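Taken together, the values in this text are just the output of simple stated rules run on the coordinates, not laboratory data. It should be emphasised that the depicted structure is a prediction, and the values quoted were computed from it without experimental measurement. Note that we place each Cβ from the backbone using ideal geometry, even for glycine, and neighbour counts take in every protein chain shown.
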Amino acid sequence: MKAGPLSGLKVVELAGLAPGPFAAMILGDLGADVVRVDRATPGEDVLGLPTDPLARGRRTVGINTKTPEGVELVLKLCDTADVLIEPFRPGVAERIGLGPDVVHARNPRLVYGRMTGWGQDGPLATAAGHDINYIGIAGALEPIGRAGERPVPPLNLVGDFGGGGLLLAMGILAALYERNTSGRGQVVDASMVDGAALLTTSLHGMAAAGLWGGGRGDNMLDGGAPFYDTYETADGKYVAVGAIEMRFWGDLVKVLELDPESLPLHVDKTQWPRLREILATAIGKYTRDDLVARAEGTDACLTPVLAPGEAAAHPHNAARGTFVEIGGMVQPAPAPRFDRTPPETPEAPRVKGSDTEAVLAELGVTDLGALRSAGAIA
């Protein structure tokens, strides 16, 4: 049994892309025993990632859910599981015989986690889409970007991972908690549109208070304010400045050796263009690392903008073990942290379908030859 706060929890994951695997990774990182149901044809991967870190820390079985025998094997897995993660478009699971009604008839305690972009209902429920589309209608994409320019996709962090996989994992844990009282599982409908919209809650609050009245790139937290932005350094790299509060702003002025008497009030929006030029000129005199060294030990809220490949070597990340090496690949460590039940370092992703025989043996399935002949398993 794995270590971690979710040790003993049994999860079945129907393989999908990005948000579903991320939710399963989180649960597995925290100690859950996750069995991933991959396609029966080995090597199939839409993105061509043979060592995708989202697949770490779990066993994998190759099952063909397009056959009756394969569907029955998945149902057998669900019979003794606590959670099922299903990533298909609405109606697909029901069509192949793995919908909530069928699964709950056999295991009423199972939490059935559904991960979609648009949700299980609504006019767009069955439409195709990706992260950029989901955050677009959620109101999360429009505010991101420079003034006078088009919106900039924030990678696929807001829809797929923050508003998608992370929300699904949270919903599953909430349903498991409720099960302690009712003794019953339920369906968790996690939509990336819903999740991305949820992430914008504070923006709605600021807008209602009159604190978010400008256009894109014209507000305090979207790069409009010169004291909350990124700046290029002499070596072509970047630093992030977040000196909002007056005392933090004072430390930044000292680090940059600026004369405070000659500067406009930093919260005076009419002076932001002038102040931005002053900061850009001052910051551009230093290399990134020299300027970061100057800010060390202060509250200037000035930090380096690191590329993903640089992040693990940063002294703070190194000291906390924020990144680990798994299967020869440096990647983020499990989070958050627990003082009594810390999780172990996850195992590297396995070859798809490599645990089929062992997992099926645990279910008491022995007629593997017949299942292979029927095309039901890898």
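With contacts taken as Cα pairs under 8 Å at a separation of at least 6 residues, the range 224-375 carries a relative contact order of 21 percent. For the chain, the longest piece that avoids every one of the trypsin sites (Lys or Arg not before Pro) found in DSSP loops with at most 15 other C-beta atoms within 10 Å covers 185-284. Lysines within cross-link reach of Lys352: Cα-Cα under 20 Å, excluding same-chain residues under 8 positions apart? Reachable lysines: Lys10, Lys66, Lys76.
Bridging of Lys237 to lysines at a Cα separation below 26 Å is possible for Lys254, Lys285, once same-chain residues fewer than 8 apart are set aside. Hey, how many Å between the Cα centroid of the range 286-343 and the Cα centroid of the range 209-285? If you average the Cα positions of each part, the centres end up 24 Å apart.
Sequence-ordered 3J(HN,Hα) estimates for the range 134-143 from the Karplus curve with 6.51, -1.76 and 1.60 and θ = phi - 60° stand at 5, 6, x, 7, 7, x, 9, 8, 4, x Hz, glycine and proline given as x. Enclosing the Cα atoms of the range 52-94 in their convex hull gives a volume equal to 112 cubic angstrom per residue.
By DSSP, the beta bridges lying fully in the chain are antiparallel in about 40 percent of cases.
For the range 134-235, a simple Cβ point-charge model (Lys and Arg +1, Asp and Glu -1, everything else neutral) yields a dipole of about 400 debye relative to the Cα centre. Loop-resident GluC sites (Glu not before Pro) (DSSP state other than H, G, I, E or B) in the range 126-235 with no more than 14 further Cβ atoms inside 10 Å of their Cβ: Glu149. So, in Å, what gap is there between the alpha-carbon centers of the range 80-144 and the range 12-35? First find each Cα centre; the distance between them is then 15 Å. Taking every C-alpha pair closer than 8 Å and separated by at least 6 residues, the mean separation divided by the residue count of the chain gives a relative contact order of 22 percent.
GNM on the chain, alpha-carbon springs under 10 angstrom: the most fluctuating residue among Gly28, Gly217, Gly195 is Gly217.
Taking amide H atoms as placed 1.01 Å from N in the peptide plane, the amide H of Arg59 lies under 5 Å from those of Val34, Arg36, each 5 or more residues away in sequence or on another chain.
If you take all other residues with their beta carbon under 9 Å from the beta carbon of Ile377, and give Lys and Arg +1 and Asp and Glu -1, the sum is -1. The GluC sites (Glu not before Pro) found in the range 245-323 that occupy coil by DSSP, while having at most 16 further C-beta atoms within 10 Å, are Glu245, Glu257, Glu296.
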